[in-house]
Amino acid sequence: MFSLNKYIAVISACLLTVMTNGFVFAQQTESMEEIMVWGQGRPVDESHRSSSTVLLTEEDLVSINAMTTEDLVKYEPSLIIRQRYIGDPNGTMGMRSANMFQTARSSVYADGVPLHYFLQTAFNGSPRWALVGGKEIGAIEVIYGPFSAEYGGNAMGGVVNMETKIPNQQEFHFEGSMFLQDFNEVGFDDNQSGGRLFGSYGNKFGDFSLYTSWIHLENNSQPMDFRFSSQGTPDGSEEEVSGGMTGVNSTGSPVINFGDTGRQAANTDQFKVKLGYDFGEWFGLFNVAFEDRDTIRDAANNYVVSNVSGEPVWSGNVVQDGIRININGSSLTEDESYRQNLLLAGRLQGPVTDSWWMELNLSYYEMLKDERLSSLQHPDNPAYTPAGRVRAYDDTGWKTADLKFETDEFLGREDLEWVSGYSFATYSMKLTDYDSPDYMAAIKGERRNSSGGKTNTHALFGQLGWSLNNQWDMVIGARQEFWNSRNGFLYNFRTNDIQDHSNRSESRFSPKFSVGYTADTDWLFRYSIAKAYRFPIVEELFAYESNTVGTALADVTLEPEDGLHHNLMFQRNIDDGNGYVRLNLMYEEVDNVIFIQSGTVDNILIRTFLPVSEVTTKGAELVFTQKNLLDSNLDLRFNLTLMDSEITQNVFNTSIEGNDFPRLPTWRGNVVATYHVTDKWDVGGGIRFASKGFQQLDNSDIASETYGVMDKYTFVNLKTNYQYNEHVRVSLAVDNLFNDLAYVNHPYPLRTVFVEAALDF
């Protein structure tokens with residue numbers, strides 16, 4: 001459980017250090033050396049040839065309330081992070097036409113190592129953000145669309161590349177943060193608090209570099225789910241009750257809310273060790289990251305009480321104010337999730353010759369533990385027994401290898417650039433459901449179902465950049481991918497039915513082309529077109545899960561998503577390169593769009609992966625960034641996206657043709673501003689805006705501000721930092737300043753205040 005006193009003590013200690021030791025620090029004249037990123041830099045800078053790229057430094061991030069790594073990119077153009085609360089294990093990311101649940105369409109790397117989670121998708125497919133700490137990041141590159149041959153179809157939305165820092169001398173960094181939210185919605189009214197501790201040590205010993213860090217985060221969230229019943233006509237046999245809250249469901253039909261799932265307690269520890277070695281012009285990096293996370297939901301609230309006994313009513317048909325409702329006792333349960341991740345990674349980069357550069361990245365990820373324990377009833381329910389369900393993953397993880405060669409003088413010509421390489425990735429997963437006689441003891445009793453399998457992808461790519469003259473350039477690239485699935489199986493232990501899936505092999509060729517024109521030093525124009533194929537991932541092919549909520553089914557016959565992507569960019573550089581205005585016009589057609597579709601059969605929720613035949617997306621993206629706006633101390637970044645994503649063909653259900661594709665609002669935008677009051681003090685903040693969208697393919701979820709919908713929202717966040725001296729910093733912040741209530745299926749946090757103190761020495 002979160003201990004507020006512990007965090008008060010931590011922050012008080014930091015502030016006390018400021019008061020008692022500040023004058024000692026101030027007398028030190030030797031400043032710390034500049035912190036450099038681990039990567040040594042590539043000879044080919046493709047950002048100027050990209051259809052659209054955003055580059056972020058630490059200065060761009062100072063006004064963001066970043067308690068977790070994913071917070072750092074949530075203000076970027078056409079990018080959305082679905083973070084339900086601080087410490088959410090399901091911090092999914094969507095970019096451009098890839099919505100927040102199409103997680104296999106956007107990629108995330110840290111120091112060349114994949115953090116994206118291409119084992120599962122939707123809410124389970126969040127990148128493993130916690131395997132890199134936000135405070136170790138030195139630079140972020142956001143690339144939009146699959147226009148580079150370096151990336152496969154998993155970059156249909158885009159790519160986030162993060163490079164971390166290396167200390168050049170001994171350094172210690174420590175900080176503590178506290179945050180507090182007051183959430184009052186439906187029948188829940190309570191304060192939810194949390195905190196974060198971060199400590200790191202770095203040093204350089206000759207050619208060796210060392211960085212190690214620890215992060216501990218605790219937080220209690222608002223309720224994630226509200227439980228309700230449709231309204232019916234009583235027959236006279238029902239018990240009279242009170243306490244239910246009237247409302248509407250996602251389609252606008254009247255309901256009675258009879259409870260919520262209560263706070264969700266999240267605890268995360270991350271341990272990180274990075275070892276670097278310089279040998280001549282070559283650089284090697286070894287990276288070990290471990291995450292230990294648990295999420296506990298054990299405080300479900302029942303609003304409904306009997307008018308006769310005054311006791312809570314946990315199940316059955318009851319009547320309130322002449323309206324019959326059904327209380328489903330199996331929806332007011334408790335569950336616990338435990339996850340341990342281990343990532344081992346290596347990077348080697350350096351010059352092969354005077355003009356050729358090589359980079360090799362290797363990674364090994366293993367899910368050491370991933371279990372979810374679920375009860376069948378609430379402990380206060382008279383029908384409660386210790387029995388429950390246990391879901392566990394075994395033999396789950398990935399191995400990847402990426403080898404790249406590049407030169408900015410291809411064939412001895414300074415007007416030619418070349419990048420080529422080989423990529424390999426293998427993903428494996430095994431999921432087993434158990435009935436448990438005592439789920440709290442994590443006893444795995446009778447096995448129900450087990451499923452899983454593997455996928456492999458080999459890819460070869462090459463890309464040529466040609467500067468035709470001082471104004472025109474052209475990029476031609478291609479990627480050849482060989483994909484296979486194997487060892488797929490489904491085993492029903494109750495019927496002893498074993499189903500082995502046939503191995504499959506597919507190959508796809510993806511050409512890329514881009515042409516750019518520079519009118520002068522300030523105006524840039526670029527048109528890009530690319531084919532991209534996104535192969536199905538392990539969960540979509542093989543996973544079968546049956547739990548207290550419903551059943552999830554996979555489809556081993558899924559074909560790759562097939563996309564044709566266009567982008568036309570206009571850019572005007574301003575203020576001698578200190579800013580720019582950029583307009584992107586995009587058009588995409590994607591066939592065989594793999595998407596989770598659900599329905600209820602015999603009162604059981606069935607979720608499965610089915611292809612939507614074709615989705616067409618048209619959009620415009622405006623980006624403005626400027627440092628020292630109008631020669632002032634204000635740095636400003638602004639972006640606005642207009643997007644029309646339409647289901648243009650669907651052979652399985654033609655009635656949804658013409659509908660908006662889910663979870664892609666028509667409008668979304670962001671503003672981040674920082675005003676440097678003095679050299680030591682800055683104030684700033686951000687605004688995140690999105691229009692209302694839909695969650696369902698049939699666009700039936702038309703209601704607002706209720707569980708199960710995708711609301712419009714405008715979140716205003718403020719932050720101020722004061723650097724007492726080079727060693728001590730304090731920060732105050734608030735998220736969702738105006739307490740805007742918004743649901744993205746689950747409710748987002750309401751107003752949250754932050755305090756933070758940091759020490760460097």
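The values are calculated or read from the model by the stated rules, or taken from the named source; none is laboratory data. From a predicted model like this one, the values you see are computed outputs, not experimental measurements. Cβ: placed from backbone, ideal geometry, glycine included. Neighbour counts: every protein chain shown.
Per-structure values
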read-out: Long-range neighbours under 6 Å by Cβ, at least six apart or interchain, first residue under 21 Å from A742 (Cβ atoms) within segment 238-253, second in a loop (DSSP other than H, G, I, E, B) and charged (D, E, K, R); value: S250/D701
read-out: Subset tally (residues that are part of a strand (DSSP E or B), touching a helix residue (DSSP H, G or I) at 6+ places or on another chain (Cβ under 9 Å) and of a type outside the set (A, V, I, L, M)) for segment 730-754; value: 0
read-out: Selected residue (only one of V113, V108, V142, V132 is under 12 Å from the mean Cα position of the chain (by Cα) and aliphatic (A, V, I, L, M)); value: V108
read-out: Hits in segment 638-662 (condition: at pLDDT below 95 and of a type outside the set (V, I, T)); value: N650, F652, N653, S655
read-out: Answer from S177, S200, S193 - the residue that is in the same structural domain as R105 (by TED's automatic domain parsing), assigned to a strand (DSSP E or B) and touching a helix residue (DSSP H, G or I) at 6+ places or on another chain (Cβ under 6 Å); value: S193
read-out: Any hit, segment 218-227, residues being among the charged types (D, E, K, R), closer than 25 Å to E756 by Cα and in the same structural domain as Y117 (by TED's automatic domain parsing); value: yes
read-out: Hey, D354 on the phi < 0 side of the Ramachandran plot and surrounded by fewer than 16 Cβ atoms within 10 Å (Cβ to Cβ) or not; value: yes
read-out: Selection within segment 658-694 - over 18 Å from S613 (Cα atoms) and part of a loop (DSSP other than H, G, I, E, B); value: P665, T666, V677, T678, D679, K680, S691, K692, F694
read-out: Filtered residues of segment 295-305 (kept if part of a loop (DSSP other than H, G, I, E, B) and closer than 20 Å to N267 by Cα); value: D298, A299, A300
read-out: Residues being part of a strand (DSSP E or B) and without any contact (Cβ under 8 Å) to a residue 40 or more places away in the chain - total across segment 398-435; value: 5
read-out: Criterion (under 29 Å from L431 (Cα atoms), part of a strand (DSSP E or B), of a type outside the set (K, R) and out of contact with any Ser or Thr (no Cβ under 9 Å at 6 or more places or on another chain)) met by exactly one of L342, L348; value: L342
read-out: Test: residue in segment 650-657 that is in a strand (DSSP E or B) and farther than 19 Å from V142 by Cα; value: no
read-out: Set D735, D740, D711: member being of a type outside the set (S, T, Y) and crowded, with 22+ Cβ neighbours inside 10 Å; value: D735
read-out: Criterion: basic (K, R) and touching a Gly at 6+ places or on another chain (Cβ under 9 Å) - qualifying residue of K444, K430, K399, K369; value: K430
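Residues checked against (1) assigned to a strand (DSSP E or B); (2) outside the structural domain of Y748 (by TED's automatic domain parsing); (3) hydrophobic (A, V, I, L, M, F, W, C):
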{"site": "K274", "(1), (2), (3)": "yes, no, no"}
{"site": "V288", "(1), (2), (3)": "yes, no, yes"}
{"site": "R293", "(1), (2), (3)": "yes, no, no"}
{"site": "G310", "(1), (2), (3)": "no, yes, no"}
{"site": "N317", "(1), (2), (3)": "yes, yes, no"}
{"site": "D354", "(1), (2), (3)": "no, no, no"}
